[in-house]
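Everything below concerns the one structure shown next.
The values are calculated or read from the model by the stated rules, or taken from the named source; none is laboratory data. These numbers were taken from a predicted model, which means no experiment stands behind them. Cβ placement follows ideal geometry from the backbone for every residue including glycine, while neighbour counts extend to all protein chains displayed.
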């Protein structure tokens, strides 16, 4: 199944100053490119370029060269019909227009997973599940915190 990557995950992967998030995002992108299961949209490319060049102040030429790798991946364009479906998602699920466009692109590409920091973990849109890749990695399995039963007390 395909996985849709939101721009915040791409930004973390392409910005080494993001620390642990960079490591996680970079590994996920490499894995999904290798598996041919990575999906993004034209909006994701635009947002990633904007954040990296304006907020992170990386040189535009460098960012363009880096983003060129996604030319070989599945990139979902927005057309009038998909924008109208996204706008319907806005009212149905109280999403921002930008988040709804991301969700709709992932739905149009028939992705099973949407990797993003912007939506609630575990949120579902039909078969599409929202996953925050950084939240999952930040938590150890619950079994790591299992309390041990107290040792029996010796009677005196």
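Does the range 31-39 contain at least one residue that is at pLDDT below 95 and either over 25 Å from residue 128 (Cβ atoms) or more than 15 Å from the chain's Cα centre (by Cα) (or both)?
Checked the range 31-39: no residue is at pLDDT below 95 and either over 25 Å from residue 128 (Cβ atoms) or more than 15 Å from the chain's Cα centre (by Cα) (or both).
Would you mind stating whether residue 156 is at pLDDT 95 or above, more than 17 Å from residue 8 (Cα to Cα) and in a loop (DSSP other than H, G, I, E, B)?
So residue 156 fails the test.
Out of the residues in the range 46-65 meeting the condition of being at pLDDT 95 or above and touching a helix residue (DSSP H, G or I) at 6+ places or on another chain (Cβ under 6 Å), tell me which one is farthest from residue 101 (Cα to Cα).
The extreme case among them is 60.
Could you count how many residues in the range 95-122 are part of a helix (DSSP H, G or I), surrounded by fewer than 22 Cβ atoms within 10 Å (Cβ to Cβ) and under 13 Å from the mean Cα position of the chain (by Cα)?
Qualifying residue count for the region: 1.
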